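Below you'll find the structure, written out as structure tokens, and then a few comments.
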Amino acid sequence: MSNQSTTLGPNKVTGVTVARPNRTASVQTYIPEVAKGLGITMKHFFQNTKEMVFGQRNDPVTEGIEDGINCVSYPEQKRPYPARSRGVHRLTQRDDGSPRCVACLCCSTACPAQCIHIEAAEYPEGDPRRGYERFPQRFVIDELRCIFCGFCVEACPCDAIRMDTGIHAAPYDSREQFIFEKDVLMGFPGRDGSHLTANPRHEPGEGSHPGLDRDKH
Amino acid sequence: MTLTLVAFLLFVLKAFVVVMFAMNVAVILTWADRRQGAMIQDRVGPNRAVAWIPTKVAQAIAVGPALAVIAAVGFVVLKLEPPSEELGQRAMLFSQLGILFTWLTGVVIAGKVQNRGVTNSFDAWLYSLGDPRRIFYGGLFAHFLALFVGLALNDSAFGPQVRAIGYGGGAGLLILSVLFGALYAAISINDEPRVGLRLAGLLHPAADGLKTIFKEDFIPPNADKFLHSLAPFISFFPALVVMAVIPFGDTLCFSLGKDGGLGSLLTTVPRDGVCTEAAIRLQVVDLNVGLLYFFALAGTGIVGAALAGWASDNKYSLLGGVRAASQMVSYEVTMGLTLVGAVMVYGTLRVDQMIEWQSQNAWGIFVQPAAFFLFFTASVAESKRIPFDIPEGESEIVAGYFTEYAGMKFAMFFFAEYIAVVTSAGLMSAIFLGGWDLPFLYRDGLHVSIGETVIFEQALPHLAIVLIGALGFVLKTLTLCWLQLMIRWTLPRFRYDQLMRLGWRKLLPASLANVLITGVIVMAIVQGGPAVGKFMSLVADYTKAFVALAGIGGFIYFIVFLVKPVHKRKSLASSSAEFAAAAGGTRSARMSA
């Protein structure tokens, strides 16, 4: 009977008749099935309650492969974001604590949401970096506008902007609180706790800095 | 009967105790219901209410009761010199209690050590014993050893020495283990700046109760204001007062001792000793109509729901009220008819005499098994709870008859439902599970016997038996409440026609058949003569043995289940797991008690 084809409607769609569920005597009398269901509920209740009271619950992240359900009880428990997830931005620092950013505007140009605003400024006369690079007088990211695509990170030639803080942009009360200024962005450490990057850089004025051709001629 | 001042004060006290019991259990159930649902799904549930108390106060709370227990034991041992014939049972009691508290303390601390690791030399020693289950098995062995040594040597030449050792040693063990456990708990929290009192989350219902009192009491403009305000009380009151006819313990006798007074509570009462003077019945009112009072008042609850639905001037409320009225009327019929069988067997309408019958014969669940299931189903339907929550059916008619209620009035409907759960559980445990009766525990002590064969006998003080009985009644009631909550988390809601079909076409004929079959069997036993009666009492003894063995087995299995060690594997397969492991695990959400 289950293989019997029937025509349904004007378009002659063929379908298969689904067999009626097999209702055995135990299903019909209802009580054994109720008892079975109650048994399952109680089993889970006792097991979970015991583990919760005695603090033996599986860690939902590091011991999540154990049998049974492993719920993350948010917000008491939070699953850390994976290493490559894109969280709130940070501006990396040089060894002297100044921003790595050279205000080239690559990130703000690449940003599809246009949420990055940079005001570039020249280093003062006599600074070894003057003439080679500029610095951001203001560096503002509107985290409400940001779509967390990571293009700014890819565009940056100096590894100055990163999204590896592992911080979820928190729901604040007002729009102003989502406007992250330079000092805020420089204040976030990376997941490893460092404000620096792993990429080495030759600073202007250091002996290893290749300099520009115009200095040699 | 003249109403003296003492009798009146006792009546007020008993009513207070029963009302407080019903209301507190109901309030706790409102919370436990949500909490259990969360637990089943491995969530934490409502657990965030916490009262922070200073460490010193927490230490005092830990040590204070222990000191009180020690003082009480010391007083009994030093001041209340027992008659020599009762020294044996006193020694038995104290040695068993001492062993119980010793292994209990050991298992609790061992479990703690297993979770948080070894912190001191005692922990290290306890940990070296291995699996905490060994402590429990050792404790069980000690229980049986003390029992058999006491029984075997009580009448021998070493009798006095054994009794003295059991008496003094048991009391000493009890004092030491209680003191040690309390001091251990006090010292282990010594370094913490403050201690969070969560009571397993029990502060949450208290916070909820406070919240409902201060919420706005909204009455719809077109509602009948008087009836709208009256309805919650009509539905709340009957649910509460039906507990009055249910006895929560055996009669306390004060007049049996030589001098009467408090000392007589520690003596043994004769087995069929029904005292009439200086006795306190642990029952609020002693009505000769008993069960009829229950049905009369439980039926009044319908009016509250129907009135709320009508007075709210809301079509959903009206639908809910009509549904509630029809459902409760339908299932009331089944409830009444199922108990007819029980009344035929017990031959009385008084609940205390029903319990008396059950303690002399067998529990009602063995005598009237079908009636128990029918009554259970009908009482779940009567309390309008899932799977019979059609009157409120939130997916169909918003919230049914209490749609237009807020704040405390809404809470009163809510509590009325839960109090109905408690009272029906209390009635069921009284009629079908023997109330305060525990197998083989009679007024004068423990008598384990099957037919004519006596296996074990132990006289016990009167107060201990009454207290154990009352505790048993509370436990049975809570178990039945818990079972009703479990049903709520297991079954989906019935459709309205399914509900009516179940009530009128299945439960009602089944309850009528139950009455018929019970009548035939009762007549057969009455006509059968003494031989049949003797056989039936033998069967009754076997049911008692079954209950006792199942209870002890279940208890042992439960403890073993609790202290079973847990082995876990860490798997750092993902970078987020590595981050979590580096942070010392995801911040734990545990139900800290």
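The values are calculated or read from the model by the stated rules, or taken from the named source; none is laboratory data. Just so it is clear, the structure is predicted and the values come from calculations on it, not from any experiment. So basically every Cβ, Gly included, is an ideal-geometry build from the backbone, and we count neighbours across all protein chains shown.
Numbers at a glance
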quantity: Boolean, B:ALA550 is within 24 Å of B:ILE455 (Cα to Cα) and touching a strand residue (DSSP E or B) at 6+ places or on another chain (Cβ under 7 Å); calculated: no
quantity: Residue within the stretch B:575-584 that is exposed (fewer than 12 other Cβ atoms within 10 Å of the Cβ), within 14 Å of another protein chain (Cβ to nearest Cβ) and in contact (Cβ under 8 Å) with a residue 24 or more places away in the chain present; calculated: no
quantity: Test result for B:ALA524, among the aliphatic types (A, V, I, L, M) and at the interface with another protein chain (Cβ under 8 Å from one of its Cβ atoms); calculated: no
quantity: So B:PHE122, is it of a type outside the set (Ser, Thr, Tyr), at negative phi and modelled with pLDDT of 80 or more; calculated: no
quantity: The stretch B:527-551, subset assigned to a helix (DSSP H, G or I) and more than 20 Å from B:PRO439 (Cα to Cα), residue nearest to the chain's Cα centre (by Cα); calculated: B:VAL532
quantity: Selected residue (only one of B:ILE365, B:ILE397 is touching a residue at least 40 places away in the same chain (Cβ under 8 Å) and closer than 16 Å to B:TYR496 by Cα); calculated: B:ILE397
quantity: Options B:LEU562, B:LEU508, B:LEU491, B:LEU499: the member that is modelled with pLDDT of 85 or more, part of a helix (DSSP H, G or I), surrounded by 14 or more Cβ atoms within 10 Å (Cβ to Cβ) and within 14 Å of chain A (Cβ to nearest Cβ); calculated: B:LEU499
quantity: Output for the stretch B:443-472, where each listed residue is more than 30 Å from B:PHE21 (Cα to Cα) and in a loop (DSSP other than H, G, I, E, B); calculated: B:GLY451, B:GLU452
quantity: Close pairs (6 angstrom Cβ cut-off, 6 or more residues apart or separate chains): within 7 Å of chain B (Cβ to nearest Cβ) in the stretch A:76-94, of a type in the set (D, E, K, R) anywhere; calculated: A:GLN77/B:ARG587
quantity: Which numbered condition B:ALA425 fails, given (1) within 14 Å of chain A (Cβ to nearest Cβ); (2) buried (at least 24 other Cβ atoms within 10 Å of the Cβ); calculated: (1)
quantity: Candidates B:ALA49, B:ALA58, filtered to the one that is in a helix (DSSP H, G or I) and outside the structural domain of B:PHE414 (by TED's automatic domain parsing); calculated: B:ALA58
quantity: Which listed residue is touching a helix residue (DSSP H, G or I) at 6+ places or on another chain (Cβ under 7 Å) and over 23 Å from B:VAL162 (Cβ atoms), from B:ALA7, B:ALA51; calculated: B:ALA51
quantity: Qualifying residue in the stretch B:375-382 (condition: modelled with pLDDT of 85 or more, under 17 Å from B:CYS481 (Cα atoms), in the same structural domain as B:GLY426 (by TED's automatic domain parsing) and in a loop (DSSP other than H, G, I, E, B)); calculated: no
quantity: For B:GLY554: the one exception among (1) surrounded by 12 or more Cβ atoms within 10 Å (Cβ to Cβ); (2) within 14 Å of another protein chain (Cβ to nearest Cβ); (3) part of a helix (DSSP H, G or I); calculated: (1)
quantity: Residue within the stretch B:75-88 that is within 30 Å of B:PHE158 (Cα to Cα) and crowded, with 21+ Cβ neighbours inside 10 Å present; calculated: yes
quantity: Matching option when the condition is within 14 Å of chain A (Cβ to nearest Cβ) and in a helix (DSSP H, G or I), among B:VAL108, B:VAL6; calculated: B:VAL108
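Okay, residues lined up against (1) outside any loop (DSSP other than H, G, I, E, B); (2) loosely packed, with under 13 Cβ neighbours inside 10 Å; (3) among the basic types (Lys, Arg):
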| site | (1), (2), (3) |
| --- | --- |
| B:LEU151 | yes, no, no |
| B:GLY169 | yes, no, no |
| B:GLY181 | yes, no, no |
| B:TYR184 | yes, no, no |
| B:GLU192 | no, yes, no |
| B:VAL195 | yes, no, no |
| B:LYS211 | yes, yes, yes |
| B:ILE219 | no, no, no |
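Residues are listed down the side, and each one gets a yes or a no for (1) more than 15 Å from the chain's Cα centre (by Cα); (2) in the same structural domain as A:CYS146 (by TED's automatic domain parsing); (3) polar (S, T, N, Q):
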{"site": "A:PRO157", "(1), (2), (3)": "yes, yes, no"}
{"site": "A:THR165", "(1), (2), (3)": "no, yes, yes"}
{"site": "A:ASP173", "(1), (2), (3)": "yes, yes, no"}
{"site": "A:GLU181", "(1), (2), (3)": "yes, yes, no"}
{"site": "A:VAL184", "(1), (2), (3)": "yes, yes, no"}
{"site": "A:GLY190", "(1), (2), (3)": "no, yes, no"}
{"site": "A:GLY193", "(1), (2), (3)": "yes, yes, no"}
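Every residue, every condition in (1) within 15 Å of A:ARG86 (Cα to Cα); (2) touching a residue at least 12 places away in the same chain (Cβ under 8 Å); (3) among the small types (Gly, Ala, Ser), yes or no:
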| position | (1), (2), (3) |
| --- | --- |
| A:LEU105 | no, yes, no |
| A:ALA110 | no, yes, yes |
| A:GLY126 | no, no, yes |
| A:ASP142 | no, yes, no |
| A:PRO171 | no, no, no |
| A:VAL184 | no, no, no |
